[in-house]
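Asks: Here it is, the structure in full.
The values are calculated or read from the model by the stated rules, or taken from the named source; none is laboratory data. All values derive from a computational prediction rather than experimental measurement. Glycine gets a Cβ as well: all are built from the backbone with ideal geometry, and neighbour counts include every protein chain shown. Surface accessibility is based on the protein's heavy atoms, side chains included, excluding ligands, DNA and RNA. Shrake-Rupley method; radii C 1.70, N 1.55, O 1.52, S 1.80 Å.
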Amino acid sequence: ALIDEGVFHLAAAVALEVLNIFEERDVLGHVRKMMPHWNRMLDSLLDHPLVVGNRKWGLAGAGEVAYPGEGRAGPAASLKVGGVTKDVYEAGLAEGVIVRPLAGCFVMAPPLIITEAEIAELGRRVRAALDRALAKAPKS
């Protein structure tokens, strides 16, 4: 019982310190300042031939992707990783970006302390990954 009680107190102390850091560094204020830059970066990808839409919430987002000539995957799409989402994931790794492939989307969730310059760099690398994936697109 003493071990369990000690672990609980340690976990509570760590959680309180995280909240203190969030408050001291105004992490939520920073997130609010970065959200317009994040949203613009995601919207800037909409002109790419693979991107058919996007979803944005806070400092997280997803690009909906499909190969030219293919429709959107839709909400009933398979959760198996394959096709264009797998190609975007692999191309992202080659460009130094980790995205999460999921049901016709690639999902991104950067650190809450990301800067405007880092958002721009992330956008540049994601666009390069999309170009790389487009080069692998099946020829119709």
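Asks: How many lysine pairs does the chain hold where the Cα atoms are under 30 Å apart and the two sit 8 or more places apart or on different chains?
Replies: For the chain, the number of qualifying lysine pairs is 8.
Asks: Using just the Cα positions, wrap region 1-58 in a convex hull and report its mean projected area in square nanometres, one decimal place.
Replies: For the Cα atoms of region 1-58, the hull's average projected area reads 6.4 nm².
Asks: Using the Cβ atoms and a cut-off under 14 Å, what net charge is assigned to the surroundings of P138, where Lys and Arg are +1 and Asp and Glu are -1?
Replies: +1
Asks: Nothing charged except the Cβ atoms of Lys and Arg (+1) and of Asp and Glu (-1): what's the magnitude of the dipole of the chain about its Cα centre? Round to the nearest 20 debye.
Replies: Computed about the Cα centre, the dipole is about 740 debye.
Asks: With a 1.4 Å probe and all protein chains in place, put K139, K56, K33 in order of accessible area, largest first.
Replies: Reading off the accessible areas and sorting them downward yields K139, K33, K56.
Asks: While we're here: Which of rounded, prolate, oblate describes the chain, given a ≥ b ≥ c as roots of the alpha-carbon gyration tensor eigenvalues and a/c under 1.5 marking rounded, otherwise prolate only if a/b is larger than b/c?
Replies: Prolate.
Asks: Still on this model: As a test of reading the structure, rank E70, E90 by solvent-accessible area (1.4 Å probe, protein chains only), most first.
Replies: E70, E90
Asks: Among G104, G61, G71, which one shows the biggest mean-square fluctuation in a GNM of the chain, springs joining Cα atoms closer than 10 Å?
Replies: Maximum among the listed residues: G71.
Asks: Calculate for the chain the 222 nm mean residue ellipticity that helices alone would give, adding -39,500 (n - 2.57) per DSSP H run of length 4 or more and normalising by residue count, nearest 500 deg cm²/dmol.
Replies: Value at 222 nm, helices only: -17500 deg cm²/dmol.
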